[in-house]
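Read the structure below first, then the notes.
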Amino acid sequence: MNNPLIILSLAILPALLLMIFIYRQEKTKKEPLRLLLKGFLYGTYSVLLVFAIHFCLEILGIDVQRNVFLSAFVSAALIEESAKFYFLKKLIWNDPHFDERFDGIIYAVFVSLGFAVVENLLYLFVYVPEAALETGFQRAIWAVPAHFLFAVIMGYYFSMARFSTERRNYYLTLSLLMAVLAHGMYDVLLMFAEAISNLSPVMSSLTMVGFYIFDILLWKMGLKRIRRLTLADEYNNLKF
């Protein structure tokens, strides 16, 4: 029988470790914990917004889960990342604490991991409680870090928009679009591999190889963007 404390730890600990990691990356001016906690709470609220959107679509008779592509890119990526983006912008766009480039990444991560924790709790205690331990470990390795990486991408372009005067709308669009594309591609590879696993085990295995390669590229891209903005803030602080 699954121990509820172990399951609860699996739901929360991976996100907590990633939040500590991103918080420690900021080398200049640390963000107030009060605002970071608010970002995390906003992330939990974004789950409610996702449910509300799906409820409205269901009432309208719009099925965004009728195939793998729609399920990955619309039902998951577009709706979830849009909800996170809405709360990220509501949280810090006009806040005076948003005064360094890395801030966009750190707040995006806290919002996204707030979402990921609630999603974990739903999976482990509501959707698949009979397989909570196995699902918890799988989500700790794949799903939670994925939400972290999507947030790094969103936060990077969000900061570019905040500190740009001429191309602000362009970077805001990229902030959402690139996160949606990364999330959608991540999910579609997993969903497609699972959908064809019985029909074509070889093709399913090849798709999973593509998924692993894509995941490695996401990590390289995310860490590069973290380093780029932390170095930019260090340079600006030395200059002034």
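Quick notes
- Euclidean distance between Cα centres, segment 48-74 to segment 169-240, Å: 22
- Helix-derived mean residue ellipticity, 222 nm - over the chain, DSSP H n ≥ 4, -39500 (n - 2.57), to 500: -25500 deg cm²/dmol
- Accessible area ranking (1.4 Å probe, heavy atoms, ligands and nucleic acids excluded), largest first, for Ile6, Ile106: Ile6, Ile106.
- Structure-derived Cα extents along the principal axes in Å - corresponding label in (1) 65, 47, 29; (2) 48, 41, 33; (3) 61, 40, 38: (3)
- Kirkwood Rh in Å, taken over segment 39-167 so that all alpha-carbon pairs contribute: 15.6
- Between 0 and 90°, nearest 10: helix 79-92 axis offset from the chain longest Cα axis: 20
- Met221 sits among other residues whose Cβ lies under 13 Å from its own Cβ, and their net charge, with Lys and Arg +1 and Asp and Glu -1, is +4.
- Charge tally around Leu35: other residues with Cβ under 10 Å, Lys/Arg +1 each, Asp/Glu -1 each, net -1.
- Using distinct alpha-carbon pairs, which all enter the 1/r mean, Kirkwood radius of segment 1-77 in Å: 15.8
- Val188, Val126, reordered so the largest accessible area comes first (probe 1.4 Å): Val126, Val188
- Just so you know, the Cα atoms of segment 97-240 work out to an Rg and Dmax of 17.8, 62 Å.
- Carbon-plus-sulfur accessible fraction, segment 157-240 (probe radius 1.4 Å, protein heavy atoms only): 65%.
- Once the Cα atoms are used to define both axes, helix 144-162 deviates from the longest principal axis of the chain by about 30 degrees.
- Ordering of 202-208, 190-196 by packing [mean C-beta count within 10 Å, highest first]: 190-196, 202-208
- Judged by the mean number of other Cβ atoms found within 10 Å, the most tightly packed of the peptides 150-162, 21-33 leads the ranking 150-162, 21-33.
- Helix 4-25 vs. the chain, principal-axis angle (Cα, 0 to 90°, nearest 10): 30
- 20 Å reach of a label modelled at Leu177, 7 Å along Cα-to-Cβ, counting backbone N of segment 130-160: 150-160
- Accessible area per residue, Å², the chain with all protein chains present, probe 1.4 Å: 53
The values are calculated or read from the model by the stated rules, or taken from the named source; none is laboratory data. Quantities reported herein were computed from a predicted structural model and do not represent experimental measurements. Cβ: placed from backbone, ideal geometry, glycine included. Neighbour counts: every protein chain shown. These area figures cover heavy atoms from the full protein model, side chains too; ligands, DNA and RNA do not enter into them. Shrake-Rupley method; radii C 1.70, N 1.55, O 1.52, S 1.80 Å.
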